[in-house]
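Asks: Attaching a single structure in C-alpha cells format; questions to follow.
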Amino acid sequence: MALVATAEVCDANPQLIQSGELRALQPIFNIYGRRPVFSGPIVTLKVFEDNVLVREFLEEKGNGRVLVVDGGGSMRCAILGGNPVQQAQNNGWAGIVVNGCIRDVDEINGCDIGVRALASHPMKANKKGIGEKHVPITIAGTRISDGEWLYADTDGILVSQVELSI
C-alpha cells in the first residue's frame, strides 16, 4: 500500500474536501507505535471504558485494515494495551485509532504498527463486552463509517469515502 502524505492529498483535492468526501480529523491524537504513517480500510467500533470487543477485533486477521474505536473520549482508563497491539501487529492490522486512552506505551512503541490515542492512562478497562461493531461513529469532529479509508501521517489523519489513488 502506497504511503500517502496527508498535506499533499489535501492540497491536491480541494473539491473532495469541499464536498465532504475527504475529511480531516481534529488534531487531538498522540502518535504511538513504530509506524507513524499508515492507511487502510476502516473498521469501526463504539465502546465505553470496556475493551473486550477491541481485543476480539484485533484477534482477527487485519488484512491491512485500520480499527477506529470511539471510546467516548474517556480519560478514566485505558481501552487498549500492549498485548492487543502486539496481536494486531502479528495479525496484519495497519493501525488503530482510539478516541480514548491506551497503556503500556513502551511496549506499544516497540510494535510495528500505527497507533493514535488521546493519552495514556495506567488503569485498565472493564471487561463486560458491551459496545457496537461496524456502526457510524463521530470522533475528533468527524463522522466515520465502516468501509471508508483512513490515511495517517505525522501531519494528521484523513478519512475518505473511497480509496484515494495517489
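The values are calculated or read from the model by the stated rules, or taken from the named source; none is laboratory data. Here the structure is a predicted model, which is why all the values come from computation and not from measurement. Cβ: placed from backbone, ideal geometry, glycine included. Neighbour counts: every protein chain shown. These area figures cover heavy atoms from the full protein model, side chains too; ligands, DNA and RNA do not enter into them. Shrake-Rupley method; radii C 1.70, N 1.55, O 1.52, S 1.80 Å.
Asks: Going residue by residue through region 60-72, is there one that turns out to be touching a residue at least 60 places away in the same chain (Cβ under 8 Å), in contact with a Cys (Cβ under 8 Å, 6 or more places away or on another chain) and open to solvent by 10 Å² or more (accessible area, probe 1.4 Å)?
Replies: no
Asks: Okay, next question. For a quick check of your reading of the model, give me the residue pairs whose first member lies in region 109-128 and is open to solvent by 20 Å² or more (accessible area, probe 1.4 Å), whose second is part of a strand (DSSP E or B) and among the acidic types (Asp, Glu), with beta-carbon atoms closer than 8 Å and at least 6 apart or on different chains.
Replies: Listed pairs, sorted by first residue: Asn126/Asp50; Lys127/Asp50; Lys128/Asp50.
Asks: Taking the stated definitions as given, is Val162 open to solvent by 50 Å² or more (accessible area, probe 1.4 Å) and either touching a Ser or Thr at 6+ places or on another chain (Cβ under 8 Å) or of a type outside the set (D, E, K, R) (or both)?
Replies: yes
Asks: Hey, among the residues in region 104-133 that are among the basic types (Lys, Arg) and in contact with a Phe, Trp or Tyr (Cβ under 8 Å, 6 or more places away or on another chain), which one's nearest to Asn83 (Cα to Cα)?
Replies: Of everything passing the filter in region 104-133, Arg116 is nearest to Asn83 (Cα to Cα).
Asks: Filter region 29-51 down to the residues that are over 23 Å from Lys133 (Cα atoms), open to solvent by 70 Å² or more (accessible area, probe 1.4 Å) and among the hydrophobic types (A, V, I, L, M, F, W, C) and list them by number.
Replies: Ile31, the sole residue that qualifies.
Asks: How do the pairs read when you match residues in region 84-105 that are touching a residue at least 40 places away in the same chain (Cβ under 8 Å) with residues anywhere that are polar (S, T, N, Q) and surrounded by 24 or more Cβ atoms within 10 Å (Cβ to Cβ), using Cβ under 8 Å and keeping only pairs 6 or more apart or on different chains?
Replies: Short answer, once both residue conditions are applied: Ala94/Ser39; Gly95/Ser39.
Asks: Can you tell me which residue among Asp11, Asp104 is acidic (Asp, Glu), over 21 Å from Gln161 (Cβ atoms) and open to solvent by 20 Å² or more (accessible area, probe 1.4 Å)?
Replies: Of the residues listed, the single one that is acidic (Asp, Glu), over 21 Å from Gln161 (Cβ atoms) and open to solvent by 20 Å² or more (accessible area, probe 1.4 Å) is Asp104.
Asks: Follow-up. How do the pairs read when you match residues in region 28-57 that are on the phi > 0 side of the Ramachandran plot and assigned to a loop (DSSP other than H, G, I, E, B) with residues anywhere that are among the β-branched types (Val, Ile, Thr) and buried (at least 19 other Cβ atoms within 10 Å of the Cβ), using Cβ under 7 Å and keeping only pairs 6 or more apart or on different chains?
Replies: These pairs meet every condition: Gly33/Ile108; Gly33/Ile113; Gly33/Val115; Glu49/Ile79.
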